[in-house]
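A quick write-up on the structure given underneath.
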Amino acid sequence: MSDRTFYVTTPIYYVNAEPHLGTAYTTIAADALARYRRMTGYDVMFLTGLDEHGQKIAQAAEENGMDPQSWVDAIAPKFKAAWEMLDISNDDFIRTTEERHKRGVQAFWTSLHDRGYLYRGHYEGWYCVPDETFWTEEQLEDGKCPQCGRDVEFLREDNWFFKLSEFGQPLLDFYEAHPDFIQPETRRNEVISFVNQGLKDLSISRTNFTWGVPLPFAENHVTYVWIDALLNYITAIGYGSDDPAEKAKFERYWPADYNFVGKDIIRFHCVIWPAMLMAAGVEPPKSVFAHGFLLTKGEKMSKSKGNAQTPASLVERFGVDAYRYYFLRDVTFGQDGSISMESMVQRYNGDLANDWGNLCSRLFNMVGKYFDGVVPEVPADEAETDEDATLKAFAGFLPEKYEAAMARLDYIGALEAAWDLIKDANRYIENQAPWNLAKSEDTAGRLAAVIYNALEAVRIAALFTAPVMPNTSAEVWTRLGLGDIIATTDIASSAVWGQLPAGSPVSKGDPLFPRIYED
């Protein structure tokens, strides 16, 4: 086991509907990062899961004639099936109805109670049941929820409160000392401005329903669903457990390197979450990265707007890897991004079918035609040309460029770095014209060098497309007669030029990305 650890999480998704493109987007982004970090030698913990408590879930279960546990048990497999379909490599899947989570939540609030950060009081204000969120009178828009636009109801309850108001300055000091905590930079000013306006104590319990984690020190009080949900990031890795192995797990992986969230929940994760952890004497995560919304025809994709889609229909048409590629190649992570079927078809046909798929098909076909389907041996006396050196240079620059992009979560930049090599390999083949070299025995050595160099470029490109397109990269390596690309744990060393063994069998196979023709 590597001494270097890397812990990345998605938000846990609310089980009020099946996964849609928005939830899949966050999960694929986290998966690509997790896969890449495994390929750079890290011991990775990648967590996703489900938020299964709250008034909205209790109501949905009742409307469907089911008890809440049966209702969430029926929804959970749909998320697991969706992540399996999208080749999500999560190491754990937490459900807030699991005993390990309940135990951790109760241990956490017991700790804050004992530390004097909780008190009993009453709350009154406007509550949006669909969003499970309280709003002040000033925050409402035309008397409705400012987030989803639906009706709110006025609640007055006896609650337990967390002394969030005491953490304004500690949070500001923390942000200053940890400038990478709030990412991207555009979100940082928003959070700091919010904290500077003054923080109010936070209600952390509810009494008008029972579907939640009970507070251990307060009868008839259950944990407010948002507070319950935030704690999943530590309960999943052993917080609150007496088991020595679970305690060691928590010590190993916490603090998380990244909590991935949507920008609409940044205040929960960048204000409430670190304040809670400070109160408990637990270090906050290293970074919270809030990405933007997916937009269709200029509107945020959401269930409430009725424009959310499930990934299955797009996967059926484009395939899993093309689906993953499109959302990480066409949408800047951290900003809102417009998506459309037209742009997906263009990206598929241009980048995947024409550039990557065609490169592999024509090259593997030439290996079969000119070298009986095996990687050629390059004669020792075959001189390197400037064109050879240029192709090698593109391959040599790739590891550093890719790492720099992934370190800042620039998925577009990382994929562009890989595509620089893919495009140069295509240019190289066109310029070297191996079909002409094959016409004369005098150029047999040059033909071997050209085919070998192009194959080696393909091998290396497959390494760096693997985090985003794991199936295609694995297939390319299989056709090159190589081993399991996913087992790579030192991608930079694996990318050193010249490691494709001569004599390795090469198979053409079917097109990796058959061209799509629009209806």
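For Glu441 and Asp43, calculate 0.36 nm times their separation in residues minus their Cα-Cα distance, and state this gained length in nm to one decimal.
Once the chain is fully extended between Glu441 and Asp43, it gains 138.2 nm.
Shown here are the Rg and Dmax of the Cα trace of region 315-455, at 17.8, 57 Å.
Are any of the pairs Lys163/Lys286; Lys80/Lys102; Lys80/Lys508; Lys102/Lys163 more than 30 Å apart by Cα-Cα distance, and if so, which?
From the list (Lys163/Lys286; Lys80/Lys102; Lys80/Lys508; Lys102/Lys163), the Cα-Cα distance tops 30 Å for Lys80/Lys508.
Summarising the amide proton neighbourhood of Gly49: residues at separation of 5 or more, or on other chains, whose placed amide H is nearer than 5 Å comprise Tyr13, Ile94. With no solvent and one equal point scatterer per Cα, compute the Debye intensity ratio I(q)/I(0) for region 115-268 at 0.13, 0.15, 0.20 Å⁻¹ and report its log10, rounded to two decimals. Scattering profile of region 115-268, log10 relative to I(0): -0.78, -1.04, -1.52. Put a dot 7 Å past the Cα of Glu141, heading toward its Cβ, do the same for Asp242, and the two dots end up 5.0 nm apart. Using only Cα atoms, tell me the angle between helix 244-253 and the longest principal axis of the chain; keep it within 0 to 90° and round to the nearest 10. Between helix and principal axis, roughly 60 degrees. Residues within the reach of a label modelled at Phe397 (point 7 angstrom out along Cα to beta-carbon, backbone nitrogen below 19 Å), restricted to region 457-474, are 457-465. Our summary gives the chain a relative contact order of 16 percent, counting only alpha carbon pairs under 8 angstrom and 6 or more residues apart.
With all protein chains in place and a 1.4 Å probe, the accessible surface of region 71-163 carries 45 percent carbon and sulfur. Ranked by the mean number of other Cβ atoms within 10 Å of their residues, highest first, the peptides 59-70, 14-25 come out as 14-25, 59-70. Here is the list for region 466-519: chymotrypsin sites (Phe, Trp or Tyr not before Pro) lying in DSSP coil, each with at most 14 other C-beta atoms within 10 angstrom of its C-beta, are Tyr517.
Per residue, the accessible area of the chain comes to 41 Å², computed with a 1.4 Å probe over protein heavy atoms only. Apply the Debye scattering formula to region 336-390, with a single equal point scatterer on each alpha-carbon and no solvent, then give log10 I(q)/I(0) at q = 0.22, 0.26, 0.31 Å⁻¹. With no solvent term, the Cα-only Debye profile gives -0.94, -1.02, -1.06.
Using the Cα centre as the reference, give the magnitude of the dipole from point charges on the C-beta atoms of the chain (Lys, Arg: +1; Asp, Glu: -1; all else neutral), rounded to the nearest 20 debye.
Computed about the Cα centre, the dipole is about 180 debye.
Only helical runs count toward this figure. For the chain, summing -39,500 (n - 2.57) over DSSP H runs of n ≥ 4 and dividing by all residues gives -14000 deg cm²/dmol at 222 nm.
Axis of helix 68-85 versus longest Cα principal axis of the chain: the two differ by about 20°, to the nearest ten degrees.
Working from label points 7 Å from Cα in the Cα-to-Cβ sense, the Phe217 to Glu176 distance is 3.2 nm. Taking the accessible area of region 374-497, probe 1.4 Å, and keeping the other protein chains in place, the carbon and sulfur fraction comes to 51%. For region 1-155, the dipole from Cβ point charges (+1 on Lys and Arg, -1 on Asp and Glu) about the Cα centre works out to 700 debye, to the nearest 20.
Cα centroids of region 460-519 and region 12-62: 28 Å apart. For the chain, the longest principal axis of the Cα atoms and the long axis of helix 358-371 meet at an angle of about 30 degrees.
Roughly what % antiparallel, to the nearest 5, for the DSSP beta bridges in the chain? Antiparallel: roughly 50 percent of the beta bridges in the chain. For region 313-461, lysine pairs with C-alpha atoms less than 19 angstrom apart, excluding pairs fewer than eight positions apart on the same chain, total 4. Extending 7 Å from Cα along the Cβ direction at Glu190 and again at Asp87 yields two label points whose distance is 3.2 nm. The string of couplings for region 312-323 from the Karplus curve (6.51, -1.76, 1.60, θ = phi - 60°) is 4, 5, 6, 5, 4, 7, 9, x, 5, 5, 5, 4 Hz, one whole number per residue in order, with x for Gly and Pro. Shape descriptor for the chain: Rg over Rh equals 1.05 (Cα atoms; Rh from the Kirkwood inverse mean 1/r).
The values are calculated or read from the model by the stated rules, or taken from the named source; none is laboratory data. Keep in mind that this is a model prediction, so the values were computed, not measured. Note: ideal-geometry Cβ built from the backbone for every residue, glycine included; neighbour counts use all protein chains shown. For the accessible areas, the whole protein counts, side chains as well, though only heavy atoms, and no ligand, DNA or RNA atoms are used. Shrake-Rupley method; radii C 1.70, N 1.55, O 1.52, S 1.80 Å.
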